[in-house]
Amino acid sequence: MERVFRTLMTICMIVMLPDLAVAATNGTQLIGIRPISRSMGGVGIAYPMDAISAVFSNPAAMCFGPYCPNSQVDFAVSFLAPNSSASVTGPGVGGTIKADPNNNVFMIPAIGLSIPLTQLTKTMPLWRFGLAAYGTSGLGADYRGTDLDQPNFFGPGIPLITGAYTNLQTVKTAPAIAFRPFDCLSFGLAFHLDYESLDQRYGSSYDYGFGAQIGGHLQSYR
């Protein structure tokens, strides 16, 4: 029965594949940390592949990762190259002026660890500690030096987007603890410290944020 179910699921995925659009972000936010997690559509809530995605998606899942019951340290780097363009149409412009920005490749690092504090026995629950630091957003556009960059645009017409430049960065640090009282059930808690900066050419603005995340994980089989 299990083999039949897997075969049917595989056929369904193959049929649906041409219509699926995989996106790496939800707005400016990544749907997962590390390429593996994003390629899975961010389903690390139920099935984390490493210590980083476990802390990011569901801290309770640290107790069921493929690295359990051992310790694990992960490091990853993702590169994001957004594709964008802008155009200006108006009187005096002479039609439509369009330009592509000087797109940069944004590097998004991530590091995480998960270590056991106790071992699961009949009388002792399993406790695990995790810590992860990762970028959750890194986007921007630079139109300086393009056809739209006309700081000395005089005469009839309208000024264009003179020297438009933006750079957004969001970084999160999250210590986490997970508790597994039974072989099939675990609970987790993570504390979040967020740092964000926005540069619009005329100086950067910074801000901090705090938060918490709770999670549960029920394993139907081992």
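Points to keep in mind about this one:
- Listed from fewest to most Cβ neighbours within 10 Å, the set K98, K172 follows the order K98, K172.
- For A99, the shell of other residues with beta-carbons less than 12 Å away shows a net charge of -2, using +1 for Lys and Arg and -1 for Asp and Glu.
- Ranked by the mean number of other Cβ atoms within 10 Å of their residues, highest first, the peptides 72-83, 53-64, 106-117 come out as 53-64, 106-117, 72-83.
Bear in mind these aren't lab numbers, they're just calculated from the coordinates by the rules spelled out. These figures come from a predicted structure and were not determined experimentally. We place every Cβ from the backbone using ideal geometry, glycine too, and count neighbours over all the protein chains shown.
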